Amino acid sequence: MGRKSSLTDDQWVEIERRHLVDGISINALAQEFGVNESSLRRRIKPNKAEPKKASISLQALAEMKVEVDAKAKHFAEQLGALPFAKQQIVSDLARKLTNTSEHMASAAEISAASSHRLSRMANQQLELVDEVDPMKTRAQLESFAALQKLANISGEMPGRLAALSRGQPPEAPQSQEDVDQELALLLGSGGG
C-alpha cells in the first residue's frame, strides 16, 4: 500500500475532469499540481493488471449517458405528441409494469430461497438412504424424491428470470407428466 496522496479528493476529480473532458495532458497536469506524472497516470489510467475500483470507465459511462439521453429525448417527443389523457395512460401502464417487475423479482427471490431450503431438506433425507440397498429405506428415498421435485419446481422461476437478465433464453420447464414419470421410474413402480 502506497503513501497517502498530497492531493485532496476534489483535486483528483478536477485533474481527471480536465484530462478527460478538456484534453489536458497528464504531463501538464502533473506539473501544475506538483505531483509525479506516473502517480497521475496510475490514478487516471490504472494498469490492467491492477484491480479496478470501478467496473466501467468514465468514458464508457459518458457514452452510455449520451445514448440514454437521446432515447429519453425521443421518448419525450413521442409522449408529448399524445393527448394528455393518453399520456396519463402511458404513465399508469409504465408504473404497473415497474411494479409487476419488482413483484416478480421479489417472488423469484422467495422461490429461490424455498428451492434452497427444500434441496437442503432433500439432501438430509438422501443421507438416510441405504447406499447398498436403497429400497430398504424406501420411505427416505421417496421423501428425498418428493422434496427434490419441489425444490426443482421452486427453482424454475428464479432460473428463468436469471437467464433472461443475462440475455439468454430460459430453458423450457419440464412438464409435470415428465417429472412424475421420472419419479415413478426412480422409485421402481414402472412409470406413470
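Per-residue Karplus couplings for region 5-14, computed as 6.51 cos²θ - 1.76 cosθ + 1.60 with θ equal to phi - 60°, are listed in order as 5, 7, 9, 7, 4, 5, 5, 4, 4, 4 Hz, Gly and Pro entered as x.
Keeping all protein chains in place, calculate the accessible area per residue for the chain (probe 1.4 angstrom), answer in Å². Don't jump to the answer; show the numbers that get you there.
Details: 14620 Å² over 192 residues.
Dividing the accessible area of the chain by its residue count gives 76 Å².
Counting only protein heavy atoms and a probe of 1.4 Å, the accessible surface of the chain is 56% carbon and sulfur.
Multiply the residue gap between residue 82 and residue 103 by 0.36 nm, knock off their C-alpha separation, and tell me the result in nm, one decimal place.
Details: separation 21, 0.36 × 21 = 7.56 nm, distance 2.94 nm.
Full extension from residue 82 to residue 103 adds 4.6 nm.
Computed over the chain, the P(r) curve from all C-alpha pair distances, binned at 10 Å from the origin, holds 7, 17, 17, 15, 17, 15, 9, 3, 0 percent per bin.
Phi-derived couplings, Karplus 6.51 cos²θ - 1.76 cosθ + 1.60 at θ = phi - 60°, listed residue by residue for region 117-122: 5, 5, 5, 5, 5, 4 Hz, with x used for Gly and Pro.
The values are calculated or read from the model by the stated rules, or taken from the named source; none is laboratory data. For clarity, every value in this text was computed on a predicted model and none was experimentally measured. SASA here: full protein model, heavy atoms, side chains in, ligands and nucleic acids out. Shrake-Rupley method; radii C 1.70, N 1.55, O 1.52, S 1.80 Å.
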